Number of protein chains: 2
Amino acid sequence: MRGRALTTGAAWPATVVMQCSRVLIAGAAYHRALMATFLDDLRAVAPQMRLLTDEADRESFRRDETAHFEPGLPLAVALPTSTEEVATILRTATAHGTPVVPRGAGSGLSGGSAGIEGALTVALTRMDRVLEIDRDNRVAVVQPGVINADLKKAVAAEELFYAPDPASYEFCSIGGNIGTNAGGLCCVKYGVTRDAVLSLEVVLADGRVIRTGGRNVKDVAGYSLTHLFVGSQGTLGIVTEATLRLRPTPPPKQTMLAFFPTLDAAGRAVATMTRSGVEPCTLELMDRVTIAAVDDWHNLGLDRSAAALLLVESDAPGARADDELAVAESACTEAGASSIVRATDAMEADWLRQVRRLAFRAMERLGVARMEDVGAPRSRIPELLAAIERIAAAHDVRCGTFGHAGDGNLHPTFVWDRGDTDTEERAHAAAEELYRAAIALGGTLTGEHGIGAARREFLELQRGADAVDVMRSIKAALDPLGILNPGRVV
Amino acid sequence: MRGRALTTGAAWPATVVMQCSRVLIAGAAYHRALMATFLDDLRAVAPQMRLLTDEADRESFRRDETAHFEPGLPLAVALPTSTEEVATILRTATAHGTPVVPRGAGSGLSGGSAGIEGALTVALTRMDRVLEIDRDNRVAVVQPGVINADLKKAVAAEELFYAPDPASYEFCSIGGNIGTNAGGLCCVKYGVTRDAVLSLEVVLADGRVIRTGGRNVKDVAGYSLTHLFVGSQGTLGIVTEATLRLRPTPPPKQTMLAFFPTLDAAGRAVATMTRSGVEPCTLELMDRVTIAAVDDWHNLGLDRSAAALLLVESDAPGARADDELAVAESACTEAGASSIVRATDAMEADWLRQVRRLAFRAMERLGVARMEDVGAPRSRIPELLAAIERIAAAHDVRCGTFGHAGDGNLHPTFVWDRGDTDTEERAHAAAEELYRAAIALGGTLTGEHGIGAARREFLELQRGADAVDVMRSIKAALDPLGILNPGRVV
């Protein structure tokens with residue numbers, strides 16, 4: 001669909017076209033006037049709030065990190081500093097019927113917080129305080145703009161651990177993590193963002209403020225609204241505060257890298273580890289293309305003859321970490337690993353980890369990178385890997401795959417030269433086939449990045465029309481005017 | 001409110017009263033005729049399905065285990081054996097506007113599956129098959145009528161473990177566990193039912209069948225409908241199949257019992273353990289009244305001078321279980337424990353465990369037992385215990401408290417002689433004060449039993465009017481005719 005404009009106008013009589021044009025021009029002028037009124041009203045009710053209306057400022061809020069997705073230019077960007085200001089924004093937006101795009105740090109990978117033409121982007125970046133660390137109950141209370149890494153640092157000072165660690169943890173925000181139910185590297189052991197959220201403060205579409213959940217680990221009073229908002233990508237409300245579950249600081253990690261002659265062998269090693277019941281805190285995969293991309297960039301001396309590598313880590317206490325890596329090692333050997341490296345100290349471990357950390361940036365160096373996010377039940381990882389290879393070859397698109405093999409969540413990343421629209425089209429077709437293949441395996445088209453705007457047309461493919469209909473009825477119940485991040489998720 | 005009928009009729013003129021009576025009688029007859037049509041239609045579209053209409057049969061589905069709650073007599077009881085039959089029931093109920101009460105094993109403690117006058121009870125007891133145990137992905141697929149203990153047994157044969165263990169696990173069903181988001185004894189380590197549910201098949205109010213979630217550990221495609229249905233007590237749909245997360249079988253437990261001279265000392269021991277970061281798989285409390293009730297019944301030779309006991313267990317691997325119990329022991333000693341018993345073998349451990357397991361039944365022997373289910377953030381357990389003592393004394397109601405101290409979830413249980421309506425009224429007032437006290441501590445009025453019918457009038461007290469309004473709008477979106485378990489939860 002992209003790039004194909006409506007071209008039927010030429011077939012209409014000239015007078016009709018002229019009439020239509022006048023209506024459209026008048027409509028656009030009317031729309032601009034309405035928008036100006038909205039901004040004037042917003043300034044009047046929130047005079048202290050920063051509101052960016054310069055084109056250059058608005059441009060910098062147009063995109064998130066979804067390189068292949070074409071977003072719109074925000075009407076304006078609001079930078080509230082309090083729940084009250086967010087409530088004021090939404091009350092005003094409701095009064096004017098103006099759409100609103102909630103946005104965290106803008107590091108999303110589904111176009112979920114990218115700009116919408118004529119919509120107000122509400123960036124939560126200035127609401128970035130850690131409000132409380134409650135050691136006794138092991139929870140932290142934070143504003144949505146807190147950067148994931150900053151929260152980790154703050155709680156580490158109290159000997160506590162905030163587990164969720166998206167690859168972007170150094171620059172992504174907690175609000176965005178909650179919006180997408182972000183995953184990461186250690187989910188295989190510690191769960192996803194959802195598992196760490198105990199309570200939310202949410203501003204509803206009409207400006208009312210509610211609180212969900214609480215500081216209790218068990219609580220069944222009414223429907224679980226917390227879980228409804230987690231992962232809803234700002235389409236049901238704007239999160240203005242979150243109470244998050246912390247853990248005791250885990251012991252230091254033991255780290256291992258294994259190289260495999262075939263993708264299938266790596267996939268089988270993962271399946272064996274899953275079946276064995278060991279609980280590594282990291283179980284990551286990189287394929288041949290990604291290994292080469294990383295090695296080309298950083299000259300790490302990786303085994304480029306290998307078809308895949310696995311990064312395995314254990315943070316089990318005491319001798320158990322060694323035991324777990326021993327199980328992992330024998331699973332790798334049994335599957336036919338060509339070589340295995342165990343880190344002997346923290347520096348070496350960090351070096352091994354860096355290999356995986358560089359994967360996406362290394363792929364981005366090769367051109368426009370369209371990172372996908374498919375998943376499958378863990379036992380079917382070998383089949384998913386085979387499908388990715390087959391589909392990339394069939395569509396003749398360069399593809400590097402890496403990701404969270406221990407969770408059954410992989411990031412096949414298609415790359416092409418900027419401007420090569422032919423390959424871009426083929427990558428689009430390959431992505432669609434990939435979704436169908438993942439779903440056929442009982443998998444998902446998105447494991448941790450979200451439906452957002454970029455995958456919305458495929459949601460029904462996975463969930464079925466009736467389930468999506470239920471989601472839409474919930475959306476309509478909570479946001480009857482459809483002003484919250486319209487055109488995203490459902 | 002209970003027992004206070006509307007008595008204003010006497011003040012109205014006799015003719016008006018007579019007219020009203022006629023209207024009411026005609027209305028009741030019309031209603032009976034409508035109901036008969038509904039049952040006839042249901043028989044016609046599901047001729048193979050068992051449908052109980054005898055009064056004695058219906059009587060046996062009137063109550064759940066909520067002794068103090070007065071339910072209605074079901075119009076009839078349907079016992080479907082397939083998703084198709086459940087869909088047929090709901091299509092027919094929608095066509096007639098007939099209310100439906102979904103019911104598992106009937107062991108609920110909130111009146112959530114108790115009968116409603118004129119409503120069809122749909123008991124899922126005959127849909128009781130374990131459909132699949134997938135060892136590779138560590139999931140089980142089950143029908144809702146499977147008994148919790150039977151599932152545990154089935155997966156144990158595959159060296160796997162289904163964690164959720166309500167005290168009623170020997171007779172409660174998985175469907176009911178999902179409906180209430182049931183807790184249990186090992187939640188402190190392994191989470192509640194919600195944490196074990198990956199996917200659901202749900203029949204909607206109008207008979208459409210949807211599937212939520214999947215077999216993937218990471219999946220962010222659309223809103224999390226799974227979490228919306230978990231804990232919704234049959235008010236949003238009827239669960240006809242569930243995919244549940246399993247774990248590797250944990251090592252055998254180490255078990256310890258500690259006695260305390262004051263409730264506060266026990267509460268402080270719990271708070272210290274929570275803060276320390278140990279992860280016991282059981283951390284249960286019983287107060288003086290409960291200890292005496294159990295000892296009176298089974299003559300176990302318990303220390304009846306103690307104000308409270310704690311049962312602590314660890315199933316950590318290897319020597320770590322000993323380490324964890326050592327931490328627990330020193331927390332108990334530090335808090336002033338008067339004696340500590342460590343089980344030296346499995347039989348002794350089972351004996352210690354039995355003390356706690358007998359608690360509720362022992363309280364039931366003393367009269368009508370109204371078990372409450374309040375919770376608080378774990379650090380505030382000492383305050384919650386103090387509040388319970390104070391409130392029971394102020395209202396002069398006998399109360400025994402036991403429960404899941406490690407989760408901050410306690411079961412103060414008020415008892416009175418059958419027929420003693422005075423004390424029953426006082427217990428009602430005490431319960432309300434207890435809810436307010438728990439909420440004031442940042443807690444909950446129900447940690448694991450559910451709002452159901454018995455606590456519905458208090459939901460707003462905890463969640464606030466706007467949050468309950470959101471819940472009601474979701475209910476209206478999914479069940480526009482309000483036929484699913486009306487008057488429960490929201």
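Structure values in brief
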| read-out | value |
| --- | --- |
| Computed E for B:T37/A:R50 - FRET, C-beta separation, R0 60 angstrom, nearest 0.05 | 0.40 |
| Additional length obtainable on full extension of the chain from A:S82 to A:D469, 0.36 nm per residue less Cα span | 135.9 nm |
| Between 0 and 90°, nearest 10: helix A:263-276 axis offset from chain A longest Cα axis | 80 degrees |
| Position A:H428, label points 7 Å along Cα→Cβ, spacing to each other copy in nm (shortest first, one decimal) | 6.6 |
| For the range A:254-440, diffusion coefficient by Stokes-Einstein and Kirkwood Rh (Cα), 10 °C, 1.306 mPa s, µm²/s | 96 µm²/s |
| Accessible-area ranking of A:R247, A:R356, B:R211, A:R32, largest first, probe 1.4 Å | A:R32, B:R211, A:R247, A:R356 |
| Accessible area of chain B divided out per residue, in Å², using a probe of 1.4 angstrom | 38 Å² |
| Mean ellipticity per residue at 222 nm, deg cm²/dmol - from DSSP H runs of n ≥ 4 across chain B, formula -39500 (n - 2.57) | -12000 deg cm²/dmol |
| Placed amide H near A:V197: partners under 5 Å, 5+ positions off or other chain | A:R245 |
| Pairwise burial B:A, computed as accessible area of each alone minus the pair, summed, 1.4 Å, Å² | 6000 Å² |
| Over chain B, relative contact order from alpha-carbon pairs under 8 Å, at least 6 apart, % | 15 percent |
| Calculated FRET efficiency for the pair B:D422/B:A95, C-beta based, R₀ 35 Å, to 0.05 | 0.15 |
| Estimated D of the protein assembly as shown in µm² per second, where Rh is the Kirkwood radius over Cα pairs and Stokes-Einstein applies at 10 °C, 1.306 mPa s | 53 µm²/s |
| Dmax and Rg, reported as Rg then Dmax, of the range B:130-248 (C-alpha, Å) | 13.3, 40 |
| Residue-level accessible surface for A:R472, protein heavy atoms, 1.4 Å, Å² | 110 Å² |
| Label 7 Å beyond Cα on the Cβ vector: A:E158 copy-to-copy distances, nm | 4.0 |
| Relative compactness, the range A:274-371, computed as alpha-carbon Rg over 2.2 N^0.38 Å | 1.15 |
| Accessible area in the full protein assembly, largest first, 1.4 Å probe, for A:E84, B:E59, A:E241 | A:E84, B:E59, A:E241 |
| Cα gyration tensor, chain B - rounded (a/c under 1.5), prolate or oblate | oblate |
| Three-way shape label, the range A:216-321, alpha-carbon gyration tensor, a/c 1.5 | prolate |
| Mean shadow area of the range B:14-123 over all directions, Cα convex hull, nm² | 8.2 nm² |
| Shielding of A:461-471 by partner chains, average beta-carbon count, 10 Å | 6 |
| Acute angle (nearest 10 degrees) that the helix A:288-298 long axis makes with the longest principal axis of chain A, alpha-carbon atoms | 90 degrees |
| Vicinal HN-Hα couplings computed from phi for the range A:116-132 (Karplus, 6.51 cos²θ - 1.76 cosθ + 1.60; Hz; Gly/Pro x) | 10, 3, x, 9, 7, 8, 10, 8, 8, 4, 8, 8, 10, 9, 7, 7, 6 |
| Label-zone membership for the range A:351-394, site A:F171, 7 angstrom Cα→C-beta point, backbone N under 12 Å | A:361 |
| In degrees, nearest ten, helix B:83-96 long axis to first principal axis of chain B (Cα) | 50 degrees |
| Relative compactness, the range B:342-490, computed as alpha-carbon Rg over 2.2 N^0.38 Å | 1.20 |
| With all protein chains modelled, accessible area of A:I147 [1.4 Å, Å²] | 40 Å² |
| Modelled FRET efficiency - R0 22 Å, B:E348 with B:A319, Cβ distances, 0.05 increments | 0.65 |
| Set of lysines near B:K189 by C-alpha distance (under 28 Å), chain-local residues within fewer than 8 positions excluded | A:K152, A:K153, A:K189, A:K218, A:K253, B:K152, B:K153, B:K218, B:K253 |
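The values are calculated or read from the model by the stated rules, or taken from the named source; none is laboratory data. Note that the structure is a prediction, hence the values are computed from the model and not measured. Ideal geometry is used to build each Cβ from the backbone, glycine not excepted, and the neighbour counts take in all protein chains shown. Keep in mind that these areas ignore ligands, DNA and RNA; they rest on the heavy atoms of the full protein, side chains included. Shrake-Rupley method; radii C 1.70, N 1.55, O 1.52, S 1.80 Å.
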